[in-house]
Every structure is written in structure tokens, then in C-alpha cells.
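S.K.: Quick one: the structure is below, questions incoming.
The values are calculated or read from the model by the stated rules, or taken from the named source; none is laboratory data. Treat the numbers as computed from the prediction; the structure is a model and nothing was measured. Cβ placement follows ideal geometry from the backbone for every residue including glycine, while neighbour counts extend to all protein chains displayed.
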Amino acid sequence: MSTFSGINTARRALSAAQLGMETTGQNIANVNTEGYSRQRVEQSASVLNQTGQFAQRFVPGDGVSVTGLTRVSDALATATARQDSAAAKEQATAAGIWSAVENAIGDTGTTGLSANLKDLSSAWNDLASKSGTDGLAGARSLVVTRSQTVVTQVVGMNTQLEGQYDQLGLQAQTLATQATTIATNVAKLNTGIRETLASGASANELMDQRDQLLNQLSDLTGSRTVHRDNGTVDVLVGNATIVTGDFSYGLTVGNQVSATDKTAVDPGAARIGNVLVVTIGGQVAEPVSGALKATLDGANKTLADQKAGLDAFATKLTDKVNTAYRGTPATTDFFVSADGNPVTAATLTLGVTTDSFRDSTGTDDNPGSADRFYARAVSEAFNGAPAKPATGTTPARDAVVGIKDDWRTHATNLAASTQSAGNRAELASQVSLKSSAVRDGVSGVNLDEEMTNLVAYQHAYSAAAKVLTTMDEALQSLLNMVR
Amino acid sequence: MLGRVTQRSIATNALANLQNTQTRMAKLQDQITSGTSLPKGSTDSVRAAAALRLNDQIAVNTENGRNLDEARAWMTTQEPALQSTTNALQKIRELAVRAGNGALNETGRDAIAKEILALKETILGDANTPYQGRAVFAGTRDTTTAFAPDASATAAPRYSSSDDGGSLLRTISPGVTMTVNISGDSVYGGSITVFDELDDLAENVSRGNTTAVAGALSTIDKRITGATNAMAVIGARTNQLDHAEEVNANQLAYLEAQLDDVQGVDPAKAYVEFTQQNVAYQAALQVTAKTVQTSLLDFLR
């Protein structure tokens, strides 16, 4: 135990307290920094390790030693928050896609296609009850104009869906580019962290940055992170590796003809029904969650289903009107396909003009053409009719499902799907909020705590300084004895 | 609550909660200002399905309402014509009875014959009653005359009928149709038309052929029966229309009330809810202002 060891103890106490104050300062400075994890000074009492013949019996330790600078974070809380956030992002994106579809073809009865179908049905009905020649031309032309309106709207809705498909393709490209950039930066940080840790220094801030990037990457693709011993991480999207150690791979988005036919399609020529795929370094990757997955699902599934529904409605409209209109002798069809193939929402068009279509049996040359037989039949095809039991000699009749019923079914399904997509998004965002609150609870900075720590370190510093002064005075007294 | 609370987590939670309250307030405000609680199908898909169905049903109801009006117009066009025909036939019958007793001189018989011919023209006018540019008694044809004299014919039948015997149908409720026209042939036509019969009668009267005139009485009676029967049919159909119109109007009122329930806004209820949300929002703002502001710093010196 030397005379000067007390001074050394005080010095170590001073520097420990100072490091404490600096760390507290760093925490306070980053109280509002996104993704910052608070740090804590780890210190322990230093024990004087003495052996041999000069060992003294009653000696205090020789002060305090700083053993490390811990980054306070909980791996489980971080992983959960990351996963929930990716799920929330996916559901929010999906809800956005559904909402756009609803805006394009949704219906509440007063707006949308159902209003035009009602107008058309009403025009057919008025034509059906047109008795003579007064106003007949007007009634006929109303049927043709309103049919044209319905055709235009169906074709327009199809065009809007195709437009959304293109948008989603672009969105997927953008997201893939973002993910590629992030992956590059993660790889760079991996290098930085590995080298910093190898030199024995603290890489806490770099790790915070990397965690932030990993959160973003997970929000995009639902990526999975595997930690390695040297401090680096590997990142996987589905089963494809996007970051391994110091290296990263790019994400690319492409179109192929269908799920089975992998022939590539030029992005400009892609239509609903083609499939958007993501590849990482040439290998097909399937995002697990996140915005990119929602975008792919939206293009490959949601829009494909909606277009199929719209096509099915166009087919039903065509079949039902034509069947009612065709009669005997068969005449030209009322609705036809523009390209000769079976009718779809894109190719629906009118096969008649104001002059060429007929509403009654017989021909115009032969008077006897005011019974409006066909007009009434088409009107019923729109409205449908309830089933009727047999009465007397009249045979029983099955219920007729009207064209308006067909559209209503589709519109109702769309409303239900959009609503549940919205509900899922809301729920997922609540869950994500809670789990990121748990993570922030562990890693976030509490100012009260930091202030308390600051006061404690300040006191420790003052006291250590006092110890130093006292030691100094004692030594002074000793030195003054010698004259 | 969570294990550890920080200033930032308080702020985040406070923001999220304020956001939620504001969203609810915006929803209510939207309802009150737009007057509909169903701006989009996804707001409530169950109510949206009901709104779509009710809107379609109201449209069908309106269509049928117009068809009922149309059918009623047919009734009110045909009934006076048939009534006038019946009156004219009865008058002719009286004239024929007077002419049949043989007590009249030639001048008197000629006067009666002329009157019969004049009444025949009245009946011919009735038989060609127009509606919407066509003759009502011509079946399903849109010709302007149902019965016309054939100028080239020298012997009976001198009149031809355009009635094709077809039924004009109007849909009066979903899947239910009603015949609106009376067959012209059943009243005015037959193997020979009533006009040929009346021409013959007038000729027999002016010739003083009392046997033939007496024989014609049964023919006129048959015509009168035909016309009154047709009027009875119209009466029955009018009753059916009255009933159908009442049902249709009641149903429309019911459907519209339902639709209002589904997509309408109860302003009082919405306003009370809005006030409640507003109070909650104010409270949340105050509490947040207090908690976010304070920290240990306020008490250290």
C-alpha cells in the first residue's frame, strides 16, 4: 500500500464518474432519436490482487473499474416488434389496394354501376310498356344509349383495374429498389461492426443504425435476420439470402406469363393475369410479409380475382340479355364481343343500333309488332322474378336471378373484402404499436432516470474530487514535516 | 401497462390515442355533413348489401308503378268507348223495335234508318279509339284503325278487322303480368262485324222488312251482351289494379323507410355521439399536455 495509491483510487473514481456523465449525456442527446438504444456504464469495484510476502492484511480495493458500455436491448422484443411491424405494413398496403379497387368499381346502390343498371332496366321496362308509336323512337333510343353507358362503364372499370395493375408493378419495382439499397447498407454496416468489434471498441451506435435498416427491410419484405458470432448478420427473404456478411444481393421484380408458364413478359405489355415475381440474385424469392408481399398479392391475386368477377358479370349480362332478346327466329345478339372471342369486361360492346334492334315479335313490315315481347323478356332478365308454384294448368316456374342481382352479389363481396382488409390493417397496426412500445420500453431513454443518474454521477464526481483534495492535503502535511 | 415507461413511449401512445379519437370524430362529422352513414361499401358491408338490395327493389317497384299507371290508362281509354258503344246499341235496339212494328210510313222508316247509320258511325269511332298513336282494339298491332270499311267490297263483309286477337301484357309486380287490352273482335267483330249487321239493319228498316228487323233484335242483344261483358272485364281489372297499386305504394313506403334506416343518419344520435367524442378528445388533450410537459428537470435545481 503506497502513499500515493489513494490518489490513484480517486483518479479512477473521477474517470468512471465522468464516463457515466458522458454516457448519460449521450442518452439524453438521443432521447428522440429513432431506433436509439440507451447505453449503460458497467462498472465494478477493483480488487487489489496481492500475493507473496509483502501482502498486507487489511487493504481496501484500489477503486473502481469500468468493465463495459452495454447497449440495452432485448433480442426477443426487437424481433417481435420487427415481425409485427412487417405484418402491419403488409395489411396496411393490402387495405390500400382493396380501397383503390373499391373506389374503382365499388357500389352502394346510389353510385357506381348499379345506378346505371337500374336506369337501363327502367328504359327496357318503359319500352316494354310502350303501347303505340307515340314516343316509341325515344324509348328505343333510350335503351340503346343507356346500354352504351353500361358498356362504357364496364369497360372503364376494367381499364381502371388494369391501370392499378400497372401501378402495383411500378410500386413493386420501387420497393425492390429500396430493399436493394437497404441491403447494400446493411452489408456495409456489417463490415464496420465486424472491424470495430475486432479492434475492441464499442459498435453500439452502428448496431442501432443496422437495426433501423433491418426494421425497414423487414417492413418491405418480412425478412428474417440471423446473427453471427463476429457481430455481423445474415438476412433472408423467404429462403433466398439477401445479405450475408459483407455481401448483399439485389432484388429485381419481373413479370411472367402465369404461375406455371415462366416466360418473361415485358413490363409494358403485362396485363392482369400475368404474375409479378421477385428474384434475389437470380433466385425466385417469396416475401413473407411486408409491403412488397402485399403489393405482389394485390397484383397477382386481388386484382386477378376482381377482374375475373368483372368478366363473369360481363358474361352474365351478355348471356342473359341475349337469351331474352334472341327469340325465334334468332336475330343478331344485343351485346357482343369486340374481338370475336367470348365476351369479357374489356371487349363488351353493343351489337345493335337504334334502328336495327327489335322489341316485339314479328317484323316491322308486318303490323303485329307492338307486343314488346322481347323488351319485356329483357326487362325481366334485369329484374329477375320470384319462383311460382304451379296453378291450374300453368306449370311451376323457377326463380329467375336478375342481372342486377348478379352485380349486387359482386359489389357486396367486394365491400365485405375491403371492409375486412381494413379491419385486419387496423388490428395489425394496434398489435405493432404495442410490440414496438415493448421494445421502446426496454431500449428507450427515460429522462427522469437519466437525470437521476446524472445527479448520482455528479455527486460521485464531486466526492471523488474531495477525496483527491483530502489526499493532497494529507500528503502536504507529510511533506511539510520535512524541513 | 408495460414494464418501463419513457417520455417517448408516452408521447407515441398519446399521439396514437389522439389520432384514434380524431378519426372517430372525423367519421361522425362526415356522417352529419354528408347525410349518409354509408359513404362506401366497406364502411359496413352488411348494411351496404342491404342498401344495394333495397335500392334495386325500389327501382323495380318504381318500374312496376309506371306499368300500373300505363295499365290504368288502358282501362280509362277503353271503358268510355265501350260505354258509348253500349249506349248506342241500346238506342239502336229501341229504334229497331219502333221500326219493327210496321206502323211507320216510308219517311219515318228512312229517318230511323239514317239515325241507325249515324249511330253506327259513333260505334265505328268507338271501335277505333286511339291510345299512344294506335287503335286500342287492334290486339297487339300498332295500326291506327282497328275496323275500316273496305271500299272495294260490294257485298258483306264490307268492313274488315285488324285485330290479331293478341294480348298486351304489362308487368304489374315481379313475375306477374296482366292483360290490358280487350279484344276488338269480341265486341265489334266476329264472322261479320257489327257494322255490317247495322248496315243490313238500316237497309231492312228503310225497306220496311219487319221480319228481318225483328230477327236482328237478337243480334243486337248479343252485341250489347258482348260490350257489357267487356266492361265487366275492365271493371274486374280496374279492381285488380287498385289492389296492386295499393300494395305497390305500401311496399315503396316500406322499402324507403328501410333504406333510410340502413344508410340514413339520425342527426340527434350522431350529434350526441360527436359531443361525447369531443369531450373525450378535450380530456385527452389536457392530460397529454400535463404528462408530456413534466419531467424530473422541473424539480431539480
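S.K.: Can you tell me which residue in region A:59-118 is nearest to the chain's Cα centre (by Cα), limited to those that are farther than 30 Å from A:LEU19 by Cβ and basic (Lys, Arg)?
M.R.: Here the answer is A:LYS89.
S.K.: Also: May I ask you to say which residue of A:GLN419, A:GLN430 is outside the structural domain of A:ALA17 (by TED's automatic domain parsing), within 26 Å of the chain's Cα centre (by Cα) and surrounded by fewer than 17 Cβ atoms within 10 Å (Cβ to Cβ)?
M.R.: A:GLN430
S.K.: Something else now. Filter region A:1-24 for residues that are free of Cβ contacts under 8 Å to residues at least 60 places away in the same chain, under 19 Å from A:GLU450 (Cα atoms) and not hydroxyl-bearing (Ser, Thr, Tyr) and give the result.
M.R.: Matches in region A:1-24: A:LEU19, A:GLU22.
S.K.: Report yes if A:LEU168 is under 29 Å from A:VAL275 (Cβ atoms) and touching a Lys or Arg at 6+ places or on another chain (Cβ under 7 Å), otherwise no.
M.R.: The answer is no for A:LEU168.
S.K.: State which residue is modelled with the highest pLDDT when the search covers only region A:424-436 and only residues that are more than 9 Å from chain B (Cβ to nearest Cβ) and out of contact with any helix residue (DSSP H, G or I) (no Cβ under 7 Å at 6 or more places or on another chain).
M.R.: A:LEU427
S.K.: Here is a further query. Report yes if some residue within region B:85-101 is buried (at least 18 other Cβ atoms within 10 Å of the Cβ) and farther than 16 Å from B:ILE220 by Cα; otherwise report no.
M.R.: Within region B:85-101, none of the residues are buried (at least 18 other Cβ atoms within 10 Å of the Cβ) and farther than 16 Å from B:ILE220 by Cα.
Every residue, every condition in (1) within 38 Å of the chain's Cα centre (by Cα); (2) at pLDDT 90 or above; (3) crowded, with 23+ Cβ neighbours inside 10 Å, yes or no:
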residue	(1), (2), (3)
B:PRO149	yes, no, no
B:ASP163	yes, no, yes
B:ILE182	yes, yes, yes
B:PHE195	yes, yes, yes
B:THR211	no, no, no
B:ARG237	yes, yes, no
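S.K.: Going by the structure shown, is B:ALA118 surrounded by fewer than 20 Cβ atoms within 10 Å (Cβ to Cβ), in a helix (DSSP H, G or I), away from chain A (no Cβ under 11 Å) and not β-branched (Val, Ile, Thr)?
M.R.: Answer is yes for this residue.
S.K.: Now a separate question. Any chance you could count how many residues in region A:109-132 are without any contact (Cβ under 8 Å) to a residue 12 or more places away in the chain and part of a loop (DSSP other than H, G, I, E, B)?
M.R.: 3
S.K.: Would a scan of region B:55-71 turn up a residue that is acidic (Asp, Glu), within 12 Å of chain A (Cβ to nearest Cβ) and under 30 Å from B:THR228 (Cβ atoms)?
M.R.: yes
S.K.: Let me ask something additional. Is it the case that region A:79-88 has a residue that's among the basic types (Lys, Arg), away from every other protein chain (no Cβ under 14 Å) and surrounded by fewer than 22 Cβ atoms within 10 Å (Cβ to Cβ)?
M.R.: No, region A:79-88 contains no residue that is among the basic types (Lys, Arg), away from every other protein chain (no Cβ under 14 Å) and surrounded by fewer than 22 Cβ atoms within 10 Å (Cβ to Cβ).
S.K.: Give just the number: which of (1) facing chain B (nearest Cβ under 9 Å); (2) in a helix (DSSP H, G or I) does A:ASN453 not satisfy?
M.R.: Only one criterion is unmet by A:ASN453, namely (1).
S.K.: Sort out which residues of region B:1-44 are under 33 Å from the mean Cα position of the chain (by Cα), in a helix (DSSP H, G or I) and surrounded by 14 or more Cβ atoms within 10 Å (Cβ to Cβ), and write them in order of number.
M.R.: Result: B:GLY41, single match.
S.K.: Something else about it: Given A:ASN49, A:ASN32, which one is assigned to a loop (DSSP other than H, G, I, E, B), under 30 Å from A:LEU206 (Cα atoms) and free of Cβ contacts under 8 Å to residues at least 12 places away in the same chain?
M.R.: A:ASN32
S.K.: Further question: Can you go through A:ARG408, A:ARG439 and tell me which one is within 56 Å of the chain's Cα centre (by Cα), at pLDDT below 90 and either at the interface with another protein chain (Cβ under 10 Å from one of its Cβ atoms) or crowded, with 19+ Cβ neighbours inside 10 Å (or both)?
M.R.: Selected residue: A:ARG439, the only one of A:ARG408, A:ARG439 that is within 56 Å of the chain's Cα centre (by Cα), at pLDDT below 90 and either at the interface with another protein chain (Cβ under 10 Å from one of its Cβ atoms) or crowded, with 19+ Cβ neighbours inside 10 Å (or both).
S.K.: Got at least one residue in region B:102-112 being more than 14 Å from chain A (Cβ to nearest Cβ), outside any helix (DSSP H, G or I) and buried (at least 20 other Cβ atoms within 10 Å of the Cβ)?
M.R.: no
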